[in-house]
1. Within the stretch B:208-217, track down each residue that is surrounded by fewer than 22 Cβ atoms within 10 Å (Cβ to Cβ) and not in a helix (DSSP H, G or I).
2. Do we find a residue being within 14 Å of another protein chain (Cβ to nearest Cβ), part of a loop (DSSP other than H, G, I, E, B), out of contact with any Cys (no Cβ under 6 Å at 6 or more places or on another chain) and open to solvent by 20 Å² or more (accessible area, probe 1.4 Å) anywhere in the stretch B:597-614?
3. Would you say A:Ala378 is in a helix (DSSP H, G or I), of a type in the set (A, V, I, L, M) and over 21 Å from A:Lys251 (Cβ atoms)?
4. Could you grab the pairs with beta carbons closer than 8 Å, sequence gap of 6+ or different chains, first residue in the stretch A:361-387 and more than 9 Å from chain B (Cβ to nearest Cβ), second one of a type in the set (Asp, Glu)?
5. If we scan the stretch A:559-568, do we find a residue that is at pLDDT 80 or above, outside the structural domain of A:Trp257 (by the TED database), on the phi < 0 side of the Ramachandran plot and open to solvent by 70 Å² or more (accessible area, probe 1.4 Å)?
6. Being open to solvent by less than 30 Å² (accessible area, probe 1.4 Å) and among the β-branched types (Val, Ile, Thr) is the filter; apply it to the stretch A:454-491 and report the residue that is modelled with the highest pLDDT.
7. Would you please name the residue that is nearest to B:Phe158 (Cα to Cα), looking only at residues in the stretch B:627-670 that are within 14 Å of chain A (Cβ to nearest Cβ) and polar (S, T, N, Q)?
Number of protein chains: 2
Amino acid sequence: MATLGDIGLAAAINILSAFIFFVAFAILRLQPFNDRVYFPKWYLKGLRTEPTSSGAFVRKFVNLDYRSYIRFLNWMPDALRMPEPELVEHAGLDSAVYLRIYLTGLKIFVPIAFVAWTVLVPVNWTNSNLEQEKGSNVTSSDIDKLSISNVPVGSQRFWGHIVMAYAFTFWACYVLLKEYEKVASMRLQFLASERRRPDQFTVLVRNVPPDPDESVSELVEHFFLVNHPDHYLTHQVVYNANKLAKLVKEKENLQNWLVYYKNKFSRNSSKKPSMKTGFLGLWGKRVEAIDHHESEIEKLSKEIAAERERVSKDSKSIMPAAFVSFKTRWAAAVCAQTQQSRNPTVWLTEWAPEPRDVYWENLAIPYVSLTVRKLIIAVAFFFLTFFFMIPIAFVQSLASIEGIGKAAPFLKPLVEKDFIKSFVQGFLPGIVLKIFLIFLPAILMIMSKFEGFGSLSSLERRSASRYYLFNFVNVFLGSIITGSAFEQLDSFIHQSATDIPKTIGVAIPMKATFFITYIMVDGWAGVAGEILMLKPLIIYHLKNSFLVKTEKDREEAMDPGSLGFNIGEPRIQFYFLLGFVYATVTPAILPFIIVFFALAFVVFRHQIINVYSQQYESAAAFWPDVHGRIVTALVISQVLLLGLLGTKEAAKSTPFLIALPVLTIWFYRFCKGRYESAFVKFPLQEAMMKDTLERAREPNLNLKGYLHNSYIHPVFKACVEDEDKKVDDDEKWETESVLVPTKRHSQRNTPAPSGVSGSRSSSSSSLRGASDF
Amino acid sequence: MATLGDIGLAAAINILSAFIFFVAFAILRLQPFNDRVYFPKWYLKGLRTEPTSSGAFVRKFVNLDYRSYIRFLNWMPDALRMPEPELVEHAGLDSAVYLRIYLTGLKIFVPIAFVAWTVLVPVNWTNSNLEQEKGSNVTSSDIDKLSISNVPVGSQRFWGHIVMAYAFTFWACYVLLKEYEKVASMRLQFLASERRRPDQFTVLVRNVPPDPDESVSELVEHFFLVNHPDHYLTHQVVYNANKLAKLVKEKENLQNWLVYYKNKFSRNSSKKPSMKTGFLGLWGKRVEAIDHHESEIEKLSKEIAAERERVSKDSKSIMPAAFVSFKTRWAAAVCAQTQQSRNPTVWLTEWAPEPRDVYWENLAIPYVSLTVRKLIIAVAFFFLTFFFMIPIAFVQSLASIEGIGKAAPFLKPLVEKDFIKSFVQGFLPGIVLKIFLIFLPAILMIMSKFEGFGSLSSLERRSASRYYLFNFVNVFLGSIITGSAFEQLDSFIHQSATDIPKTIGVAIPMKATFFITYIMVDGWAGVAGEILMLKPLIIYHLKNSFLVKTEKDREEAMDPGSLGFNIGEPRIQFYFLLGFVYATVTPAILPFIIVFFALAFVVFRHQIINVYSQQYESAAAFWPDVHGRIVTALVISQVLLLGLLGTKEAAKSTPFLIALPVLTIWFYRFCKGRYESAFVKFPLQEAMMKDTLERAREPNLNLKGYLHNSYIHPVFKACVEDEDKKVDDDEKWETESVLVPTKRHSQRNTPAPSGVSGSRSSSSSSLRGASDF
């Protein structure tokens, strides 16, 4: 048990390290040569350019203005200054709402901490249970005197804890309700005020059924011409262009090198640059570099053209999915929300993700495969959560002295040296576990990808919920009840439903000091370390010194990163869980959590404004998950308090707690019904309003031209941009009214409406566009 | 423990009583004066009239043709003869699919019984576990020798049971999958082949938000004109006409009496019929009956007119709900499946139920109230299930000798007489419980009504699922583990998750003989009793003798009843549960279940063809529930087998069973994804197909005239039929294009499309129609 002194020491160490991080950050960020590491977002937005000071050469790299160092914390007010609407404008709604999670934490826990300290701490403190027990073998810290452990068994004072549990729950629910309302209205406002975006008009159609007579493209067109006759505009089929993407990337790389050599040649035109053709230019025949690259690019271009031809001709490379665009947002909203076909496993429609949010590889998974994949991943995740220690233990045993001796006898003399022996024994097992934990989010991401989600945002959301579960079982329960998750599972299924919360509940107060330390290390120092951007800083300077050849390379060497919802959000949720669980048990933990939320809020606000560059914009689609997990934490805390009080023989007061989880779960369902649809459905009223406004403002809008090529595979995209002049030809196409002749006999009789401008022209033109690079 | 002899006796008794019921039925149904009791459906369809034999007067009441008695079972082949498509045509899809539940039972259990008897019975029989234990205090019957109890602890033979569990599960899932597929396609075909019905074009809109400037009707019209401009046709607001309904009913009753007296007068014109005005005509002033009734009707008509005026004028009697009709099925399908407004708790749209399926009282419940009601009912149902014995025990204590003595001392001398004493002691407690159980479905129905469902079919579905749960807890678990449900609950929450299935699993084999008797009493004799229609028979003849005054009364004295999904389906499900649970444990029970399914199939097929008259047609919307409950029974049986084998120390073989529930649950989710949407969503493809066909066949269809008045409260309906001639005037109305002037300033700017034929004309005409009775 840690005493107050121990905790003070830990706090001092962590505050100091946080302070050091901040000072280091303050110094590093002011150096011009780090500018691209600490302000990449402004570069990407084109709002900031290389600091070109008119002074000495050295000024270009080092900031010599001493005044700027004095106010080393002035980035904090700067970060807080930008108002929320501007932040939404600047960084997108996802980031702005992500910050609201921290704000929600503050809103919930500041009043709770205040009330807990004024009510519960005196209630606990004025007992002498622990002192009486000191005669026995129970050791207790000063922190424990503030906790529920200090209240004697059977005391009437537990009524205080129960009333507080109700008060905290109602306050938390109130804040959550308000936040859900606010976020939902922010989302709707964001969607409403957005500029025209292709995904507003577009629906992703998956599982197009195979047809012997018609190609996927023809089939899609016929289907939507028949079933949405007045609304269908155009469509784009999805190609399996993975090989092509590889080739294009290779070509880009070569082109980059070509630029590099040309630059070199222009600077020193006396000597033509030369290179070796072998691995990394280290060996092989020496050739004239510019010519070599030009010929290589030529060759690759041909290859790409052939591959592109193959992709566009070969029906096998067309996946049974398509992006179907409509003439109005209303029609797209209708199509996304309705079932198209009698068979609910084909012609699946969903709102199309943003073009940059699409995860192309997964678009073609058939329905049956999807359900099988779900089962496999569910089972796999169960084993990962509860049995992950088994392979780790195996690797750890390999990484032991005996293991190394057996596996690689020739290393035996080496590892038996004292220094190496102690390293192997002391650090290797820990490092093995740490490496696994570092790779865990990546493993979870791979699982989500295998499961078949079609957009990056949904992949991240899924990974986040898995990560939260893993954390809950292995970090929270694992810390409270020592022992591996598997042992816990085994003991839980052999315990009765009422004993499980008791077992955990009893252990909770004893672990308060452990979690306080955890919060300071992971929450305080960890968050302060985040702002230093150590990894991107090092990588940027390494790349800058060795690899950067062109300006474009320098652009690419910047690694702004993104919020990393799948890692960051479960981490925040862990603090919510700790806060709720300990609010009634050991309120002393709350100030530490509040400091975390406040610090993280400022740090991540700064990062979002200056650094992170989001890959996609899901318009806060993750909020229902966030809300759900906070409510889960609330219910867990209530059940554990129930278990804890059950052991305290507070028989009269405990039953009053049972209503609390029931009410909380009802609150969750209420919120779900009330707000969730704002995140998953698309009200027709809104769509109609935007359509009408747009029609009034731009009556002659060429929507087809606008949607043209918006949903083609990114590998086609780069090249299509050069083709913009071609669009003019397409315009001509569109004025004609094309009716695609069907090849199938039975469909000839269906009343295909006439006069719909041909989508085929568009799909074929997108191919043509792609064919020219 | 019952021996084989006991079971044989019970079987003999029950077979005999079933036989007696069938003979009684055969005799009664051939008597012409019972014709309306046993063939009401044909009367209601107008396909059968009073048997008018030309012979003697007695022939009109008694069938003297001895030949017709010989073939007393010939109704059975008759019942089986009608092919399924014709049955669908004759009795609706609901009834036809309801019969498929029995058929599913046969399909699942006949092969399972065959395999179980050829494999498991020999495996169990050739052990001698029970004989060895006979020395100890375990008593066993011959039935038990065929059961798993006869296999000694730790035997390798349990592998056989596990393999069989897999085989039975796979077979059951296969049958379920095929059935789901078949029923889904039957439903889609039924919906597709149906004649034009108002609900195909109509959407029920609930929670119309209040508006200070506009009435509900105007608001609905504006909203849909703006948001579905090309599709909106008309709408009908919902009136709160409960008082009006009462008055109309009263008037109908008086009119009936008037006819009766007029008939009487016409038969005996010498004396004008007179009556007394007091209660039931027993006392009061004697008046001239015909005049009195005519004046009363006159008075009521005025009252009705005033009330109707009030309902139609007073905005408070207009509920915030409306039936909105569209020009095409496609548009209705779109509107029913999409979210209309930014706020997901207003403008809730759902596919309108059939007009006769609407439960009018619930249409106006606001969203928040709905969620609160759900919570209340969930808690109430929990208490009803687990604590219903408490009030029963209280009433039983009141109904005891001492209780009566205390509550009503003047009865004391009476109840202390020997005969009455023994009756009170012996029967009253049982009767109290029985009365409660008889009223249980009604209580559950009231709970569902309170919960706020808007259609009769959904009310019945909800009640059925509650009844199933109640049966499972109180009949199944209650019989296996003796003790009240509350005691079980108490012991379960104090047992570990692995102990609960063990506790139940161990008790299962011992209860086999009890359930065999239960099946024979409830399943065999009970089903045979159903065909006798004893209650409707008695009531019909009572009414016919005393109350029937006119031909219309006779029509109304028939009580064909309906299938009673909320009572019947949970009862069938109980047999599925027993079948799955005992298939691997005591296969001897299976033949009894098969007999039940076969008998019930024939009996209910006969009843559906000749008797029942369904109140509504939901197109088999209940099948997902049926499927879900059968799968639940399967999972329960697997978990219980797992528990049972756990106690048999079959440690090696038991873990192989764990995969089975996981796979079964996955199967459920797969089926849900694959087929459920056929029951809750409405594919646009189908809608479009029907629309197109219709447009081709009847290009000049006046849909508005067709939908005119289809969704008005039943109380208006009767009167509107007289007004059909008025429709012609409305047609004129419709040709004009009416644009409703909005009163609200802000909406004046919304781009209301012009040229939509006024729905106001329709709604006001429905009022006008209603105003004339």
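The values are calculated or read from the model by the stated rules, or taken from the named source; none is laboratory data. Quick caveat, the model's predicted, so the values are computed rather than measured. We place every Cβ from the backbone using ideal geometry, glycine too, and count neighbours over all the protein chains shown. Quick note on the areas: whole protein, heavy atoms, side chains included, nothing else; ligands and nucleic acids left out. Shrake-Rupley method; radii C 1.70, N 1.55, O 1.52, S 1.80 Å.
1. Matches in the stretch B:208-217: B:Pro209, B:Pro210, B:Asp211, B:Pro212, B:Asp213, B:Glu214, B:Ser215.
2. No, the stretch B:597-614 contains no residue that is within 14 Å of another protein chain (Cβ to nearest Cβ), part of a loop (DSSP other than H, G, I, E, B), out of contact with any Cys (no Cβ under 6 Å at 6 or more places or on another chain) and open to solvent by 20 Å² or more (accessible area, probe 1.4 Å).
3. When the stated conditions are applied, A:Ala378 passes them.
4. Filtered contacts from the stretch A:361-387: A:Arg373/A:Glu451; A:Ile377/A:Glu451.
5. Checking the stretch A:559-568: at least one residue is at pLDDT 80 or above, outside the structural domain of A:Trp257 (by the TED database), on the phi < 0 side of the Ramachandran plot and open to solvent by 70 Å² or more (accessible area, probe 1.4 Å).
6. A:Val473
7. Kept after step one, since they are within 14 Å of chain A (Cβ to nearest Cβ), are these residues of the stretch B:627-670: B:639, B:642-643, B:646, B:654-655, B:658-670.
If we keep only those that are polar (S, T, N, Q) as well, we get B:654, B:664.
Numbers: B:Thr654: 9, B:Thr664: 21 Å.
Going through the qualifying residues, I end up with B:Thr654.
Conditions (1) closer than 30 Å to A:Pro683 by Cβ; (2) open to solvent by 20 Å² or more (accessible area, probe 1.4 Å); (3) out of contact with any Lys or Arg (no Cβ under 6 Å at 6 or more places or on another chain), marked per residue:
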position: A:Ser147; (1), (2), (3): no, no, yes
position: A:Val151; (1), (2), (3): no, no, no
position: A:Gln156; (1), (2), (3): no, yes, yes
position: A:Val163; (1), (2), (3): no, yes, yes
position: A:Phe170; (1), (2), (3): no, yes, yes
position: A:Leu177; (1), (2), (3): yes, yes, yes
position: A:Glu194; (1), (2), (3): yes, yes, yes
